[in-house]
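Below is one structure, written out as structure tokens, with a few remarks after it.
The values are calculated or read from the model by the stated rules, or taken from the named source; none is laboratory data. Note that the structure is predicted; figures quoted are calculated from it, not measured. Glycine gets a Cβ as well: all are built from the backbone with ideal geometry, and neighbour counts include every protein chain shown. Ligands, DNA and RNA are stripped out before the accessible areas are found, and what is left, the full protein with its side chains, is counted by its heavy atoms. Shrake-Rupley method; radii C 1.70, N 1.55, O 1.52, S 1.80 Å.
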Amino acid sequence: MAQDAGIKQALDIQKERAHQDEQAKNEIIRSMIQTGQKDKIKKYLKQALLKSEWKEEVTKLIDAKRDENVVRRIPNEELVHHVLPQARDLVPEDIRNDILLKVLRFMPEEDEESSIGMLDEGEQIAETKSDGGNDSDDSVL
């Protein structure tokens, strides 16, 4: 019985943390919208993707999906449903890292314990960038 109570307590803690994470995420997004940073990051993302070969790769995915459905015309909604996950996977790692860094820079300072995981990831990204990543578009933020 004590073990069941411990499991329940652990699940409750996990749910509360997930709820707090969701609230923090929503607050960051709301703040980014209010300050215009979300639009700047979206603009940067669009420009970076167009400069990379991402668009050409996604076009190939779309063409391949259409070729699979030669017998019938595939509706755009269905096409997007099939291609979107793959298109997201094709976003170059350096662009993903740049976006993450821009978001991390925007986030308010947190207490050390709650931000350890994020800082570790950010530090890894910063190390990657210092090894040759191009950080020329810091003016976005």
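Average projected area of the Cα convex hull of region 11-105, in nm²?
Result: a mean projected hull area of 8.8 nm².
Using a 1.4 Å probe on the protein heavy atoms, what percent of the accessible area of region 11-105 belongs to carbon and sulfur?
53
Output wanted: per-residue J couplings in Hz (rounded whole) for region 33-42, from phi through Karplus 6.51 cos²θ - 1.76 cosθ + 1.60, θ = phi - 60°, x for Gly and Pro.
Rounded to whole hertz, the list is 5, 4, 8, x, 5, 4, 5, 5, 5, 4.
Please give the peptides 87-100, 22-35 ranked by average Cβ packing (other Cβ atoms within 10 Å per residue), highest first, as a rough proxy for protection.
The packing order, highest mean first, is 87-100, 22-35.
Find the Rg to Rh ratio for region 1-56, where Rh is the Kirkwood radius over alpha-carbon pairs and Rg uses the same atoms.
Expressed as Rg/Rh, it is 1.37.
Taking only protein heavy atoms and a 1.4 Å probe, what accessible area per residue, in Å², does region 11-105 have with all protein chains in place?
Result: 76 Å² per residue.
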